[in-house]
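Below you'll find the structure, written out as structure tokens, and then a few comments.
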Amino acid sequence: MRSKSLAAVIFLGVIFWLISFAWSGPIKPLIYYTKTEKGLGNKTYIFRFSLWDAGTDGNMVWEEEKTLTTKKSTISTLLGDINTIDGVDFSQQLWVQVEEKQGDGSYDLVGEREPLAVSGVPYALWALTPAGPKGDKGDTGSQGPTGPQGVQGAIGPTGPAGATGAQGLIGPTGTAGATGPKGPTGATGAAGPTGATGAQGPTGPTGPQGATGPTGATGSTGPTGPIGPTGPTGAIGTQGPTGAAGPTGATGTTGPTGPQGLQGAQGTQGPTGPIGPTGPTGATGTQGPAGTVPALGAWAGKDINTVYQAATDGFVLAYEYSNANGAFLSLQGYTDGSNPPTTARAMVWGENNPALNTTTSMSIMMPVRKGDYWQVQCGGWSYQVYWIPFGN
């Protein structure tokens, strides 16, 4: 059987009373029992109540099943009004277990077993059926003295540790502290290597001209110089008379081809020729490998107020609903690269109108990138959170 994770027992009360009449008939023992479990709201359920001789495992000594309507997530009932508890041994410590009946006939545990404070002491009684007709109402009797305080019940087992809350926001950076005193001067370091030779400096200015030295001895005769250039050609004399024509000489060789002349103007386009026959069809190429197509993966149920990291791209879908009058509902979706995420991507609020007495519901949907963190927060009513990834 599964246990509701948000269950919290508010209190287990036991009321003792005895009604006596002169005409009283059979007496029926009853135990008043109440318990609050977060998330039950104001709804009608089928509950199975049972008594056990141990906090875990053990033997069941009594049970009954009934239909009840919770108010503000609180169960209130009289144990023994369906199946009598007359034969139960209350001299031993007993524990109460509550289960919710599901549509398929199975039962889910509601919270944990709690010790029954009535064990070892008297329990509630009332008249089941009268033996005869009711007599006239008698005068009101004087108030009796206050009874002694009952014995203290056994301390219940320590409940399981609650889930670790989400990490709080990082506080502001504190002011810088005062500068500490100057430390002692360190030892002189070893001499560094000799630096590279610097660039040569600019040439200095020319010094003043020295005094003229004494005349040197006469040198030997130098070699003969080169012949001078030819002088200009003299003027052409007058032309003599034309001589007789000589014989025709042989035809000389053909000279080289002259350069190509400029391109002439483009002529008009001629008529289009007939279309040639269709060529043969080429061979079909080999088929390439099949590509991948993104597709959605399987739905996965998730929880609220829990940080998850996306292994692939995907979507988050969440919804919340309640039929409790005046219930305030809220859904917020956060996702980014930090853990926990702080960037709100989707949110919605609403309140169930008491005048309409209807069920209010709301939902959000947001995309999440691969590698990013995401979280869904809600008001704590009935809810569902799903993750659906992209696959291939």
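The values are calculated or read from the model by the stated rules, or taken from the named source; none is laboratory data. As the structure is a computational prediction, the values presented were derived from the model and not from experiment. Glycine also receives a Cβ, built like all others from the backbone with ideal geometry; neighbour counts cover every protein chain displayed. These area figures cover heavy atoms from the full protein model, side chains too; ligands, DNA and RNA do not enter into them. Shrake-Rupley method; radii C 1.70, N 1.55, O 1.52, S 1.80 Å.
Values computed for the structure shown
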{"quantity": "Contacts under 8 angstrom Cβ, first residue in segment 368-385 being open to solvent by less than 30 Å² (accessible area, probe 1.4 Å) and assigned to a strand (DSSP E or B), partner at pLDDT 90 or above and charged (D, E, K, R), 6 or more apart", "calculated": "VAL368/ASP313; VAL376/LYS302; VAL385/LYS302; VAL385/ASP303"}
{"quantity": "Pair list, Cβ < 9 Å and 6+ apart or interchain, from segment 85-98 residues that are farther than 18 Å from PRO29 by Cβ and at pLDDT below 95 to residues that are of a type in the set (S, T, N, Q) and surrounded by 11 or more Cβ atoms within 10 Å (Cβ to Cβ)", "calculated": "none"}
{"quantity": "Flag for GLY246 being open to solvent by less than 100 Å² (accessible area, probe 1.4 Å), on the phi < 0 side of the Ramachandran plot, of a type outside the set (Phe, Trp, Tyr) and at pLDDT 80 or above", "calculated": "no"}
{"quantity": "Test: residue in segment 286-298 that is in a loop (DSSP other than H, G, I, E, B) and more than 41 Å from the chain's Cα centre (by Cα)", "calculated": "yes"}
{"quantity": "Whichever residue in segment 304-331 is over 18 Å from the mean Cα position of the chain (by Cα) and open to solvent by 50 Å² or more (accessible area, probe 1.4 Å) and, among such residues, is nearest to TYR386 (Cα to Cα)", "calculated": "TYR321"}
{"quantity": "Selected residue (only one of LEU18, LEU30, LEU40 is out of contact with any Pro (no Cβ under 6 Å at 6 or more places or on another chain) and either modelled with pLDDT of 95 or more or within 30 Å of TYR383 (Cα to Cα) (or both))", "calculated": "LEU40"}
